Amino acid sequence: MGLKPGASATAPELIDFVRERLAHYKAPRSVEFRSELPRSGIQKVLRRVLHADAIAGAKTTSPGP
């Protein structure tokens, strides 16, 4: 699912949109835009790959001691 043709949205706009409709603790703290999702041979989204990417990104962006 994506945006309608000609529409645009930024990460802060999407987060604000969700926060207006959900409890604050259910709203995402960050949003990542991807051109496509990793899929298996039967076209299921590989959530473990997305999770591993998120963990790897968090480790490289978090401040060290």
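The values are calculated or read from the model by the stated rules, or taken from the named source; none is laboratory data. All values reported here derive from a predicted model rather than from experimental measurement. Positions of Cβ are generated from backbone atoms using ideal geometry, with glycine treated the same way; all protein chains shown enter the neighbour counts.
Going through (1) within 22 Å of G2 (Cβ to Cβ); (2) not in a loop (DSSP other than H, G, I, E, B) one by one, K59 falls short only on (1). Within the range 32-51, is there a residue that is among the small types (G, A, S), modelled with pLDDT of 90 or more and not in a loop (DSSP other than H, G, I, E, B)? Within the range 32-51, not a single residue is among the small types (G, A, S), modelled with pLDDT of 90 or more and not in a loop (DSSP other than H, G, I, E, B). Within the range 1-38, restricting attention to residues that are among the aromatic types (F, W, Y) and under 26 Å from A52 (Cβ atoms), the residue that is surrounded by the most Cβ atoms within 10 Å (Cβ to Cβ) is F33. Residue pairs whose Cβ atoms lie under 6 Å apart, separated by 6 or more positions or on different chains, with the first residue in the range 48-60 and touching a residue at least 40 places away in the same chain (Cβ under 8 Å) and the second surrounded by 10 or more Cβ atoms within 10 Å (Cβ to Cβ), do not occur.
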